[in-house]
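Just so it is clear, none of the values below were taken in a lab; they were calculated from the coordinates. Every value quoted in this text rests on a predicted model; they were computed, and no experiment measured them. Virtual Cβ from ideal backbone geometry, glycine too; neighbours counted across all protein chains shown.
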Amino acid sequence: MAQANNLGHYRLLAVDDDADCSELIVRTALKCGYEAFPAADARALRETLSHWRPHVITLDLSLPEVDGFEMLLSLKAAQFNGQVIIISGQPEWLRNQAVDLACVNGLRVPAHMSKPVQLAQLRELLTTIKASLVPPMLNELNEFGSPSATGKQPSPKPADCDKRDGQGCSPNLMTLPHSDSPCP
């Protein structure tokens, strides 16, 4: 996997042991303007995080040797400051529990999706996330929660994570707007 240290690039890591699914997510992210790579398991995720700082991680809840719940705790331990999109074939109630665990641990989850992935919904979500990543935030995320080169402290977790409404971290969870996406 190539290292990517260019500031200003939007980066996505697709964590899924199903190569077809992760490649589909990667191709969609590339079309939306992200630099994107797949990771097939927890070991690959940890290795990738050690040298490449994604802004977005898509996470399957059923990985070999470790489940997605454990991976959420690992992301917290790694001080991951980006956004996590849960994409799993697991039932909705289990995906909701994963969102709740992520929120309690300070992770940002803008949405969860079932498999098979609905490409239009994924493109729209990635476009929305990309638009929210302003240049100062990109620099902060490069350091996994460490102060950026400007000396600013990273933004705290969104307030809506503390005010859960049964929908998880975001009031827009699973209710994405339907508009024309600039992604092909």
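The C-beta contact set for region 8-26 (first residue farther than 18 Å from E47 by Cα, second residue acidic (D, E), distance under 8 angstrom, 6+ apart or interchain) comprises H9/E35; Y10/E35; D18/D60; C21/D60; I25/D16. The helices (runs of 4 or more DSSP H) falling completely within region 11-84 that include 3 or more residues that are charged (D, E, K, R) map to 19-31, 42-51.
For region 47-77, residues that are within 13 Å of L107 (Cβ to Cβ) and among the small types (G, A, S) total 3. Of the residues making up region 62-117, those that are of a type in the set (A, V, I, L, M), free of Cβ contacts under 8 Å to residues at least 40 places away in the same chain and farther than 17 Å from C21 by Cα are V66, L72, L73, L75, A77, L94, A98, L101, V104.
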